[in-house]
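The values are calculated or read from the model by the stated rules, or taken from the named source; none is laboratory data. Only a predicted model underlies this, so the values are computations on that prediction, with no experimental measurement involved. Methodologically, a virtual Cβ is constructed for each residue, glycine included, from the backbone with ideal geometry; neighbour enumeration extends over all protein chains shown. Side chains included, ligands, DNA and RNA excluded: accessible areas come from the protein's heavy atoms. Shrake-Rupley method; radii C 1.70, N 1.55, O 1.52, S 1.80 Å.
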Amino acid sequence: MSGEHYDIIIIGSGPGGGSMAWKLAKAGKRILLLERGDYLPRSRANWNSKTVFVDAAYQAKETWYGRDGREFHPGLHYFVGGNSKVYGAALFRLRTEDFGEIRHVDGVSPAWPLGYDAFEPYYNEAERLFHVHGQRGEDPTEPPSSAPFPYPPVSHEPRVAALAETFRGEGLHPFHLPLGILLDEKDGKATPTSICIRCDTFDGYPCLLNGKADAQVVCVDPALAAHPNLTLLTNAYVSKLETDASGRSVSGVHVERAGNAEQYSADIVVVACGALSSALLLLRSASDQHPHGLANGSGQVGRNYMRHNQSVLMALLREPNETVFQKTLAVSDFYLRSDDWEFPLGLIQMLAKSHTDQIRGESLPEWLSWLPDMPFEKMALHSLGFWLSSEDLPRPENRVFYEDGRVVLDLTENNMEAHHRLKRKLEHL
Ligand SMILES: Cc1cc2nc3c(=O)[nH]c(=O)nc-3n(C[C@H](O)[C@H](O)[C@H](O)COP(=O)(O)OP(=O)(O)OC[C@H]3O[C@@H](n4cnc5c(N)ncnc54)[C@H](O)[C@@H]3O)c2cc1C
(Lines give C-alpha, C1' and ligand atoms only; values in the text may rest on other atoms or scores of the structure.)
Protein backbone atom coordinates (compact mmCIF):
# COMPACT_ATOMS: atom_id res chain seq x y z
CA MET A 1 0.00 0.00 0.00
CA SER A 2 2.88 2.34 0.85
CA GLY A 3 3.97 4.27 -2.23
CA GLU A 4 0.46 4.53 -3.69
CA HIS A 5 -0.72 7.67 -5.44
CA TYR A 6 -4.18 9.13 -4.74
CA ASP A 7 -6.25 11.96 -6.16
CA ILE A 8 -6.51 13.53 -2.71
CA ILE A 9 -4.86 12.92 0.66
CA ILE A 10 -6.56 14.43 3.70
CA ILE A 11 -4.50 14.53 6.90
CA GLY A 12 -6.67 14.52 10.02
CA SER A 13 -10.20 13.16 10.49
CA GLY A 14 -11.69 15.83 12.82
CA PRO A 15 -14.58 18.10 11.79
CA GLY A 16 -12.32 19.78 9.17
CA GLY A 17 -10.83 16.69 7.51
CA GLY A 18 -13.86 14.49 8.20
CA SER A 19 -16.38 16.79 6.56
CA MET A 20 -14.05 17.34 3.61
CA ALA A 21 -13.73 13.56 3.16
CA TRP A 22 -17.54 13.23 3.41
CA LYS A 23 -18.10 15.88 0.74
CA LEU A 24 -15.31 14.89 -1.68
CA ALA A 25 -15.88 11.13 -1.50
CA LYS A 26 -19.16 11.67 -3.40
CA ALA A 27 -17.17 13.05 -6.33
CA GLY A 28 -15.71 9.57 -6.91
CA LYS A 29 -12.10 10.65 -6.47
CA ARG A 30 -9.64 8.22 -4.84
CA ILE A 31 -9.10 9.67 -1.39
CA LEU A 32 -6.78 8.63 1.43
CA LEU A 33 -7.70 9.87 4.90
CA LEU A 34 -4.75 9.69 7.32
CA GLU A 35 -5.44 9.78 11.05
CA ARG A 36 -2.75 9.52 13.73
CA GLY A 37 -5.19 8.13 16.29
CA ASP A 38 -7.42 5.08 16.35
CA TYR A 39 -11.16 4.72 16.86
CA LEU A 40 -11.95 5.82 20.39
CA PRO A 41 -12.65 2.55 22.25
CA ARG A 42 -16.31 2.21 23.19
CA SER A 43 -16.78 1.11 26.77
CA ARG A 44 -18.72 2.01 29.89
CA ALA A 45 -15.69 4.09 30.88
CA ASN A 46 -16.72 6.62 28.18
CA TRP A 47 -19.37 7.81 30.62
CA ASN A 48 -17.26 7.69 33.77
CA SER A 49 -16.49 11.21 35.01
CA LYS A 50 -13.32 10.07 36.82
CA THR A 51 -12.00 8.41 33.65
CA VAL A 52 -12.83 11.43 31.53
CA PHE A 53 -12.05 14.41 33.77
CA VAL A 54 -9.72 13.23 36.54
CA ASP A 55 -7.66 10.57 34.73
CA ALA A 56 -8.01 12.44 31.40
CA ALA A 57 -7.90 9.00 29.77
CA TYR A 58 -8.76 10.25 26.28
CA GLN A 59 -6.46 13.25 26.23
CA ALA A 60 -3.19 13.17 24.28
CA LYS A 61 -0.39 11.66 26.38
CA GLU A 62 2.49 13.56 24.82
CA THR A 63 4.32 16.23 26.79
CA TRP A 64 4.55 19.81 25.58
CA TYR A 65 6.26 22.74 27.30
CA GLY A 66 5.35 26.29 28.23
CA ARG A 67 7.77 29.14 27.56
CA ASP A 68 8.91 28.82 31.17
CA GLY A 69 9.73 25.12 30.71
CA ARG A 70 6.56 23.96 32.52
CA GLU A 71 5.43 20.54 31.28
CA PHE A 72 1.82 19.86 30.30
CA HIS A 73 -0.31 17.55 28.20
CA PRO A 74 -2.12 19.40 25.42
CA GLY A 75 -5.92 19.31 25.57
CA LEU A 76 -6.03 17.40 22.28
CA HIS A 77 -7.73 14.11 21.45
CA TYR A 78 -6.15 11.95 18.76
CA PHE A 79 -8.97 9.78 17.49
CA VAL A 80 -11.03 9.24 14.37
CA GLY A 81 -13.28 12.31 14.68
CA GLY A 82 -10.55 14.36 16.42
CA ASN A 83 -11.55 16.68 19.25
CA SER A 84 -15.21 16.40 18.28
CA LYS A 85 -15.27 12.99 20.02
CA VAL A 86 -15.37 14.91 23.30
CA TYR A 87 -16.68 18.30 22.23
CA GLY A 88 -19.77 20.00 23.64
CA ALA A 89 -21.35 20.08 20.16
CA ALA A 90 -22.59 23.67 20.65
CA LEU A 91 -22.56 24.57 16.98
CA PHE A 92 -22.86 28.31 16.42
CA ARG A 93 -22.51 30.23 13.21
CA LEU A 94 -20.09 33.13 13.49
CA ARG A 95 -21.99 36.42 13.65
CA THR A 96 -21.99 38.87 10.72
CA GLU A 97 -19.96 41.27 12.89
CA ASP A 98 -17.29 38.61 13.54
CA PHE A 99 -16.16 38.88 9.93
CA GLY A 100 -15.55 42.63 10.20
CA GLU A 101 -13.00 44.48 12.30
CA ILE A 102 -13.96 44.36 15.97
CA ARG A 103 -12.54 46.67 18.61
CA HIS A 104 -11.83 44.95 21.90
CA VAL A 105 -10.54 46.59 25.02
CA ASP A 106 -7.04 45.14 24.41
CA GLY A 107 -6.91 45.87 20.69
CA VAL A 108 -8.42 45.12 17.33
CA SER A 109 -9.55 41.82 15.90
CA PRO A 110 -8.88 42.36 12.19
CA ALA A 111 -11.51 41.88 9.49
CA TRP A 112 -11.65 38.68 7.45
CA PRO A 113 -11.02 38.98 3.72
CA LEU A 114 -14.50 37.42 3.18
CA GLY A 115 -17.83 38.34 4.70
CA TYR A 116 -20.53 36.21 6.33
CA ASP A 117 -22.53 36.00 3.07
CA ALA A 118 -19.79 33.95 1.43
CA PHE A 119 -20.17 31.28 4.13
CA GLU A 120 -23.95 31.28 4.59
CA PRO A 121 -24.79 28.43 2.15
CA TYR A 122 -22.05 26.27 3.71
CA TYR A 123 -23.41 26.87 7.20
CA ASN A 124 -26.74 25.47 6.00
CA GLU A 125 -25.01 22.38 4.68
CA ALA A 126 -22.86 21.98 7.80
CA GLU A 127 -25.92 22.30 10.06
CA ARG A 128 -27.62 19.50 8.11
CA LEU A 129 -24.51 17.32 8.22
CA PHE A 130 -23.98 17.83 11.96
CA HIS A 131 -27.69 17.43 12.87
CA VAL A 132 -27.89 20.86 14.45
CA HIS A 133 -30.98 21.40 16.61
CA GLY A 134 -32.03 24.99 17.31
CA GLN A 135 -34.56 27.75 16.89
CA ARG A 136 -34.03 30.74 14.62
CA GLY A 137 -35.22 34.16 15.77
CA GLU A 138 -34.41 33.78 19.47
CA ASP A 139 -30.73 34.71 19.59
CA PRO A 140 -30.42 38.53 19.34
CA THR A 141 -26.99 38.29 17.68
CA GLU A 142 -27.73 35.55 15.15
CA PRO A 143 -26.77 36.29 11.55
CA PRO A 144 -29.31 36.04 8.70
CA SER A 145 -29.93 32.51 7.47
CA SER A 146 -31.62 31.25 4.31
CA ALA A 147 -32.92 28.05 5.94
CA PRO A 148 -34.35 27.06 9.31
CA PHE A 149 -32.36 24.80 11.61
CA PRO A 150 -32.72 21.28 10.21
CA TYR A 151 -33.93 19.95 13.58
CA PRO A 152 -36.11 21.45 16.34
CA PRO A 153 -34.46 22.89 19.46
CA VAL A 154 -33.52 20.54 22.28
CA SER A 155 -36.15 21.19 24.94
CA HIS A 156 -35.38 22.67 28.36
CA GLU A 157 -35.96 20.67 31.51
CA PRO A 158 -37.98 22.54 34.19
CA ARG A 159 -35.00 24.07 36.06
CA VAL A 160 -33.51 25.42 32.84
CA ALA A 161 -36.91 26.69 31.65
CA ALA A 162 -37.25 28.52 34.98
CA LEU A 163 -33.78 30.00 34.54
CA ALA A 164 -34.75 31.22 31.06
CA GLU A 165 -37.72 32.99 32.64
CA THR A 166 -35.45 34.59 35.24
CA PHE A 167 -33.11 35.82 32.52
CA ARG A 168 -36.04 37.20 30.54
CA GLY A 169 -37.19 39.02 33.68
CA GLU A 170 -33.76 40.68 33.74
CA GLY A 171 -34.33 41.96 30.19
CA LEU A 172 -32.09 39.33 28.54
CA HIS A 173 -32.88 37.14 25.53
CA PRO A 174 -32.03 33.54 26.43
CA PHE A 175 -32.25 31.11 23.51
CA HIS A 176 -32.03 27.40 22.78
CA LEU A 177 -28.38 26.45 22.38
CA PRO A 178 -27.75 25.12 18.86
CA LEU A 179 -26.60 21.54 19.43
CA GLY A 180 -25.24 18.84 17.11
CA ILE A 181 -27.02 15.79 18.44
CA LEU A 182 -28.74 12.67 17.12
CA LEU A 183 -31.84 13.19 19.23
CA ASP A 184 -35.52 12.60 18.53
CA GLU A 185 -37.73 14.01 21.26
CA LYS A 186 -41.38 13.84 22.19
CA ASP A 187 -42.77 15.77 25.14
CA GLY A 188 -39.27 16.54 26.40
CA LYS A 189 -38.17 12.89 26.37
CA ALA A 190 -36.02 10.95 23.93
CA THR A 191 -38.22 8.69 21.81
CA PRO A 192 -37.65 4.92 22.13
CA THR A 193 -35.75 4.88 18.82
CA SER A 194 -33.68 8.01 19.39
CA ILE A 195 -29.91 7.37 19.36
CA CYS A 196 -29.28 10.04 22.01
CA ILE A 197 -31.08 9.30 25.27
CA ARG A 198 -30.69 12.80 26.82
CA CYS A 199 -28.33 11.50 29.48
CA ASP A 200 -26.09 13.52 31.81
CA THR A 201 -22.79 12.60 30.10
CA PHE A 202 -22.62 14.78 27.01
CA ASP A 203 -20.32 17.78 27.36
CA GLY A 204 -16.69 16.61 27.42
CA TYR A 205 -17.55 12.88 27.31
CA PRO A 206 -17.31 10.60 24.30
CA CYS A 207 -20.82 9.28 23.56
CA LEU A 208 -21.06 5.54 24.09
CA LEU A 209 -24.22 5.44 21.95
CA ASN A 210 -22.80 7.60 19.15
CA GLY A 211 -25.59 10.09 19.87
CA LYS A 212 -23.30 13.11 19.66
CA ALA A 213 -22.87 14.52 16.15
CA ASP A 214 -19.10 14.13 16.07
CA ALA A 215 -17.01 13.91 12.92
CA GLN A 216 -16.58 10.13 13.16
CA VAL A 217 -20.31 9.51 13.50
CA VAL A 218 -21.67 11.98 10.93
CA CYS A 219 -18.79 12.29 8.44
CA VAL A 220 -16.16 9.56 8.42
CA ASP A 221 -18.22 6.42 9.07
CA PRO A 222 -21.08 7.26 6.66
CA ALA A 223 -18.59 8.27 3.94
CA LEU A 224 -16.60 5.04 4.36
CA ALA A 225 -19.79 2.97 4.22
CA ALA A 226 -21.07 4.65 1.06
CA HIS A 227 -17.89 5.25 -0.93
CA PRO A 228 -15.29 2.51 -1.56
CA ASN A 229 -13.10 5.19 -3.18
CA LEU A 230 -12.37 6.55 0.34
CA THR A 231 -9.70 4.77 2.40
CA LEU A 232 -9.02 5.50 6.06
CA LEU A 233 -5.68 4.64 7.65
CA THR A 234 -5.67 4.91 11.43
CA ASN A 235 -2.57 5.07 13.66
CA ALA A 236 -0.99 6.82 10.68
CA TYR A 237 1.10 9.71 11.96
CA VAL A 238 2.17 12.13 9.24
CA SER A 239 5.68 13.11 10.20
CA LYS A 240 6.60 15.32 7.26
CA LEU A 241 5.55 16.72 3.90
CA GLU A 242 8.18 16.66 1.19
CA THR A 243 8.22 19.04 -1.76
CA ASP A 244 9.36 18.43 -5.35
CA ALA A 245 12.49 20.02 -6.82
CA SER A 246 10.62 23.26 -7.54
CA GLY A 247 9.65 23.48 -3.88
CA ARG A 248 6.17 24.50 -5.00
CA SER A 249 4.20 21.30 -4.61
CA VAL A 250 4.03 18.45 -2.12
CA SER A 251 5.48 15.30 -3.67
CA GLY A 252 5.50 12.97 -0.67
CA VAL A 253 3.55 12.48 2.54
CA HIS A 254 5.71 10.67 5.09
CA VAL A 255 3.78 8.43 7.47
CA GLU A 256 4.79 6.44 10.54
CA ARG A 257 2.44 3.48 10.97
CA ALA A 258 2.89 0.44 13.20
CA GLY A 259 6.60 1.16 13.50
CA ASN A 260 7.07 1.34 9.73
CA ALA A 261 7.92 4.32 7.56
CA GLU A 262 5.50 4.68 4.64
CA GLN A 263 5.14 7.28 1.93
CA TYR A 264 2.14 8.35 -0.13
CA SER A 265 1.49 11.00 -2.75
CA ALA A 266 -1.52 12.76 -4.21
CA ASP A 267 -2.53 15.46 -6.68
CA ILE A 268 -3.95 17.42 -3.73
CA VAL A 269 -2.81 17.20 -0.12
CA VAL A 270 -5.07 18.70 2.56
CA VAL A 271 -3.63 19.50 5.99
CA ALA A 272 -6.53 19.30 8.49
CA CYS A 273 -4.74 18.32 11.71
CA GLY A 274 -6.33 21.06 13.84
CA ALA A 275 -4.91 24.54 14.51
CA LEU A 276 -1.88 23.45 16.56
CA SER A 277 -0.96 20.16 14.89
CA SER A 278 -1.32 21.59 11.37
CA ALA A 279 1.18 24.32 12.23
CA LEU A 280 3.52 21.74 13.79
CA LEU A 281 3.38 19.55 10.67
CA LEU A 282 4.28 22.51 8.45
CA LEU A 283 7.14 23.49 10.79
CA ARG A 284 8.43 19.85 10.88
CA SER A 285 8.45 19.88 7.08
CA ALA A 286 11.34 22.36 6.90
CA SER A 287 13.80 21.64 4.09
CA ASP A 288 16.66 23.39 2.29
CA GLN A 289 14.09 25.14 0.10
CA HIS A 290 11.87 25.98 3.05
CA PRO A 291 14.26 26.40 5.99
CA HIS A 292 11.58 27.86 8.31
CA GLY A 293 8.95 25.27 7.48
CA LEU A 294 6.48 24.74 4.69
CA ALA A 295 4.20 27.64 3.66
CA ASN A 296 6.09 29.80 6.13
CA GLY A 297 7.70 32.49 3.98
CA SER A 298 5.82 34.98 6.15
CA GLY A 299 7.13 33.48 9.41
CA GLN A 300 3.52 33.40 10.64
CA VAL A 301 3.02 29.61 10.82
CA GLY A 302 2.26 28.70 14.43
CA ARG A 303 1.86 32.33 15.46
CA ASN A 304 -1.25 34.28 16.49
CA TYR A 305 -2.51 31.28 18.43
CA MET A 306 -5.97 31.97 19.87
CA ARG A 307 -8.11 29.73 22.03
CA HIS A 308 -10.80 31.95 23.64
CA ASN A 309 -10.75 32.99 27.29
CA GLN A 310 -13.01 30.47 28.94
CA SER A 311 -14.14 29.54 32.40
CA VAL A 312 -16.76 27.59 34.28
CA LEU A 313 -19.02 29.30 36.77
CA MET A 314 -20.90 27.02 39.10
CA ALA A 315 -23.90 28.29 41.07
CA LEU A 316 -24.93 26.27 44.13
CA LEU A 317 -28.69 26.14 44.57
CA ARG A 318 -30.46 25.71 47.91
CA GLU A 319 -32.67 23.03 46.41
CA PRO A 320 -31.35 20.00 44.50
CA ASN A 321 -31.09 20.47 40.76
CA GLU A 322 -32.76 17.42 39.21
CA THR A 323 -31.89 18.39 35.62
CA VAL A 324 -30.38 15.54 33.58
CA PHE A 325 -29.63 17.12 30.19
CA GLN A 326 -28.76 20.68 31.10
CA LYS A 327 -26.87 21.99 28.08
CA THR A 328 -29.83 23.58 26.32
CA LEU A 329 -29.67 27.34 26.93
CA ALA A 330 -27.42 30.27 26.04
CA VAL A 331 -27.32 34.05 26.41
CA SER A 332 -25.60 36.28 23.85
CA ASP A 333 -26.77 39.71 25.09
CA PHE A 334 -23.20 40.56 26.12
CA TYR A 335 -21.54 39.09 23.04
CA LEU A 336 -20.93 42.40 21.27
CA ARG A 337 -21.27 44.93 24.11
CA SER A 338 -23.21 45.61 27.28
CA ASP A 339 -25.21 48.55 28.62
CA ASP A 340 -22.18 49.73 30.60
CA TRP A 341 -19.29 48.81 28.29
CA GLU A 342 -18.67 49.47 24.60
CA PHE A 343 -16.53 46.36 24.01
CA PRO A 344 -17.56 42.72 23.51
CA LEU A 345 -17.77 40.64 26.70
CA GLY A 346 -18.65 37.17 25.44
CA LEU A 347 -21.16 34.35 25.43
CA ILE A 348 -22.78 32.43 28.29
CA GLN A 349 -24.04 28.89 27.81
CA MET A 350 -25.21 26.16 30.14
CA LEU A 351 -22.81 23.40 31.00
CA ALA A 352 -23.87 19.78 31.24
CA LYS A 353 -24.72 18.67 34.77
CA SER A 354 -21.56 18.41 36.92
CA HIS A 355 -20.60 15.07 38.46
CA THR A 356 -18.93 14.49 41.80
CA ASP A 357 -15.56 13.43 40.34
CA GLN A 358 -15.64 16.25 37.85
CA ILE A 359 -15.94 18.82 40.65
CA ARG A 360 -13.24 17.00 42.63
CA GLY A 361 -10.98 17.32 39.57
CA GLU A 362 -11.52 21.09 39.31
CA SER A 363 -9.60 23.72 41.23
CA LEU A 364 -12.11 25.00 43.78
CA PRO A 365 -12.27 28.31 45.62
CA GLU A 366 -9.88 28.49 48.55
CA TRP A 367 -12.57 28.94 51.19
CA LEU A 368 -13.83 25.44 50.51
CA SER A 369 -10.59 23.91 51.82
CA TRP A 370 -11.69 25.02 55.31
CA LEU A 371 -14.45 22.48 55.21
CA PRO A 372 -13.41 19.20 56.90
CA ASP A 373 -14.81 17.05 54.09
CA MET A 374 -15.39 18.67 50.79
CA PRO A 375 -19.07 17.93 50.11
CA PHE A 376 -18.53 17.07 46.47
CA GLU A 377 -21.60 14.90 46.12
CA LYS A 378 -23.88 17.55 47.57
CA MET A 379 -22.25 20.21 45.46
CA ALA A 380 -22.83 18.19 42.31
CA LEU A 381 -26.48 17.63 43.21
CA HIS A 382 -27.09 21.32 43.89
CA SER A 383 -24.97 22.74 41.09
CA LEU A 384 -26.03 24.77 38.09
CA GLY A 385 -23.06 25.15 35.75
CA PHE A 386 -22.30 27.80 33.13
CA TRP A 387 -19.61 27.95 30.47
CA LEU A 388 -18.32 31.44 29.75
CA SER A 389 -16.39 32.23 26.65
CA SER A 390 -14.82 35.53 25.56
CA GLU A 391 -12.61 36.49 22.65
CA ASP A 392 -8.86 36.73 22.83
CA LEU A 393 -6.77 38.62 20.29
CA PRO A 394 -4.20 37.49 17.74
CA ARG A 395 -0.66 38.19 18.96
CA PRO A 396 2.36 37.03 16.93
CA GLU A 397 4.25 36.17 20.14
CA ASN A 398 1.55 33.67 21.13
CA ARG A 399 2.74 30.68 19.19
CA VAL A 400 3.51 27.00 18.96
CA PHE A 401 6.95 25.93 17.76
CA TYR A 402 9.70 23.35 18.05
CA GLU A 403 12.74 23.95 20.25
CA ASP A 404 15.37 21.21 20.50
CA GLY A 405 12.80 18.72 19.21
CA ARG A 406 10.29 19.63 21.91
CA VAL A 407 6.94 21.32 21.29
CA VAL A 408 6.71 24.70 23.03
CA LEU A 409 3.45 26.62 23.38
CA ASP A 410 4.18 30.21 24.28
CA LEU A 411 0.95 31.83 25.37
CA THR A 412 0.24 35.00 27.30
CA GLU A 413 -3.46 35.60 27.85
CA ASN A 414 -4.96 38.89 26.73
CA ASN A 415 -8.29 40.74 26.72
CA MET A 416 -9.10 39.27 30.15
CA GLU A 417 -11.02 42.31 31.33
CA ALA A 418 -13.82 41.35 28.95
CA HIS A 419 -13.95 37.91 30.51
CA HIS A 420 -13.95 39.23 34.09
CA ARG A 421 -16.79 41.58 33.22
CA LEU A 422 -18.77 38.74 31.67
CA LYS A 423 -18.32 36.71 34.86
CA ARG A 424 -19.50 39.63 36.98
CA LYS A 425 -22.59 40.08 34.78
CA LEU A 426 -23.56 36.47 35.36
CA GLU A 427 -22.81 36.62 39.09
CA HIS A 428 -25.13 39.60 39.42
CA LEU A 429 -28.04 37.95 37.62
C1 LIG B 1 -13.50 19.42 25.43
C2 LIG B 1 -13.79 20.18 24.16
C3 LIG B 1 -15.05 20.76 23.98
C4 LIG B 1 -15.32 21.47 22.81
N5 LIG B 1 -16.59 21.96 22.62
C6 LIG B 1 -16.90 22.60 21.46
C7 LIG B 1 -18.24 23.04 21.21
O8 LIG B 1 -19.14 22.85 22.02
N9 LIG B 1 -18.49 23.66 20.03
C10 LIG B 1 -17.51 23.86 19.08
O11 LIG B 1 -17.81 24.42 18.02
N12 LIG B 1 -16.24 23.45 19.30
C13 LIG B 1 -15.92 22.82 20.45
N14 LIG B 1 -14.63 22.36 20.66
C15 LIG B 1 -13.62 22.64 19.64
C16 LIG B 1 -13.76 21.66 18.47
O17 LIG B 1 -13.74 20.34 18.94
C18 LIG B 1 -12.63 21.92 17.48
O19 LIG B 1 -12.73 23.26 17.03
C20 LIG B 1 -12.71 21.00 16.28
O21 LIG B 1 -12.63 19.65 16.67
C22 LIG B 1 -11.56 21.33 15.32
O23 LIG B 1 -11.66 20.48 14.22
P24 LIG B 1 -10.38 20.18 13.32
O25 LIG B 1 -10.80 19.16 12.33
O26 LIG B 1 -9.81 21.45 12.83
O27 LIG B 1 -9.29 19.59 14.33
P28 LIG B 1 -9.32 18.35 15.32
O29 LIG B 1 -10.67 18.06 15.83
O30 LIG B 1 -8.22 18.60 16.29
O31 LIG B 1 -8.90 17.13 14.41
C32 LIG B 1 -7.60 17.01 13.90
C33 LIG B 1 -7.31 15.54 13.64
O34 LIG B 1 -6.02 15.43 13.05
C35 LIG B 1 -5.31 14.35 13.65
N36 LIG B 1 -3.88 14.64 13.50
C37 LIG B 1 -3.18 15.62 14.12
N38 LIG B 1 -1.90 15.59 13.73
C39 LIG B 1 -1.79 14.57 12.84
C40 LIG B 1 -0.70 14.02 12.10
N41 LIG B 1 0.54 14.55 12.17
N42 LIG B 1 -0.95 12.95 11.30
C43 LIG B 1 -2.21 12.42 11.20
N44 LIG B 1 -3.26 12.90 11.89
C45 LIG B 1 -3.06 13.96 12.70
C46 LIG B 1 -5.79 14.35 15.10
O47 LIG B 1 -5.61 13.10 15.72
C48 LIG B 1 -7.27 14.70 14.93
O49 LIG B 1 -8.08 13.56 14.77
C50 LIG B 1 -14.32 21.64 21.82
C51 LIG B 1 -13.06 21.06 22.00
C52 LIG B 1 -12.78 20.33 23.14
C53 LIG B 1 -11.42 19.70 23.32
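Using the structure shown, decide if S311 is within 26 Å of P153 (Cα to Cα), open to solvent by less than 30 Å² (accessible area, probe 1.4 Å) and in contact with a Ser or Thr (Cβ under 6 Å, 6 or more places away or on another chain).
Values: within 26 Å of P153 (Cα to Cα): yes; open to solvent by less than 30 Å² (accessible area, probe 1.4 Å): yes; in contact with a Ser or Thr (Cβ under 6 Å, 6 or more places away or on another chain): no.
Judged against the criteria, S311 is not a match.
Taking the conditions exactly as written (touching a Phe, Trp or Tyr at 6+ places or on another chain (Cβ under 8 Å), modelled with pLDDT of 95 or more, more than 30 Å from N46 (Cβ to Cβ) and polar (S, T, N, Q)), does S109 satisfy them or not?
Working: touching a Phe, Trp or Tyr at 6+ places or on another chain (Cβ under 8 Å): no; modelled with pLDDT of 95 or more: yes; more than 30 Å from N46 (Cβ to Cβ): yes; polar (S, T, N, Q): yes.
The answer is no for S109.
Could you list, in sequence order, the residues of the stretch 114-141 that are touching a helix residue (DSSP H, G or I) at 6+ places or on another chain (Cβ under 9 Å) and in a loop (DSSP other than H, G, I, E, B)?
L114, G115, F130, H131, G134, T141
Looking at the stretch 382-429, which of the residues that are part of a helix (DSSP H, G or I) and open to solvent by 70 Å² or more (accessible area, probe 1.4 Å) is modelled with the lowest pLDDT?
Taking the stretch 382-429 first, the residues part of a helix (DSSP H, G or I) are 382, 416-427.
From what's left, open to solvent by 70 Å² or more (accessible area, probe 1.4 Å): 417, 420, 424, 427.
Values: E417: 97, H420: 97, R424: 96, E427: 92.
That would be E427.
Starting from residues that are open to solvent by 10 Å² or more (accessible area, probe 1.4 Å) and of a type in the set (G, A, S), keep the ones in the stretch 15-35 and report whichever is farthest from the ligand (Cβ to nearest atom).
G28
Is one or more of the residues making up the stretch 52-64 buried (at least 18 other Cβ atoms within 10 Å of the Cβ) and more than 11 Å from the ligand (Cβ to nearest atom)?
Yes: one or more hits.
Return the residues of the stretch 79-89 that are open to solvent by 30 Å² or more (accessible area, probe 1.4 Å) and either over 22 Å from S278 (Cβ atoms) or assigned to a loop (DSSP other than H, G, I, E, B) (or both); say none if nothing qualifies. Can you show your working first?
Going through the stretch 79-89, the residues open to solvent by 30 Å² or more (accessible area, probe 1.4 Å) turn out to be 83, 87.
Y87 - this is the single residue of the stretch 79-89 that is open to solvent by 30 Å² or more (accessible area, probe 1.4 Å) and either over 22 Å from S278 (Cβ atoms) or assigned to a loop (DSSP other than H, G, I, E, B) (or both).
Within the stretch 1-67, considering only strands (runs of 3 or more DSSP E) that don't extend past its boundaries, which have at least 3 residues that are aliphatic (A, V, I, L, M)?
Filter on the stretch 1-67 gives 5-11, 31-34.
Look through the stretch 142-182, keep the residues that are in a helix (DSSP H, G or I) and in contact with a Pro (Cβ under 7 Å, 6 or more places away or on another chain), and return whichever of them is nearest to S19 (Cα to Cα).
Within the stretch 142-182, the match that is nearest to S19 (Cα to Cα) is A164.
Regarding L76, is this residue open to solvent by less than 70 Å² (accessible area, probe 1.4 Å), part of a strand (DSSP E or B) and within 12 Å of the ligand (Cβ to nearest atom)?
Details: open to solvent by less than 70 Å² (accessible area, probe 1.4 Å): yes; part of a strand (DSSP E or B): no; within 12 Å of the ligand (Cβ to nearest atom): yes.
So L76 fails the test.
Name the residues in the stretch 332-362 that are within 23 Å of D106 (Cα to Cα) and touching a Leu at 6+ places or on another chain (Cβ under 7 Å), would you? Steps first, answer last, please.
Quick first cut of the stretch 332-362, residues within 23 Å of D106 (Cα to Cα) only: 332-348.
Scanning the stretch 332-362 gives S332, D333, F334, Y335, S338, P344, L345, G346, I348.
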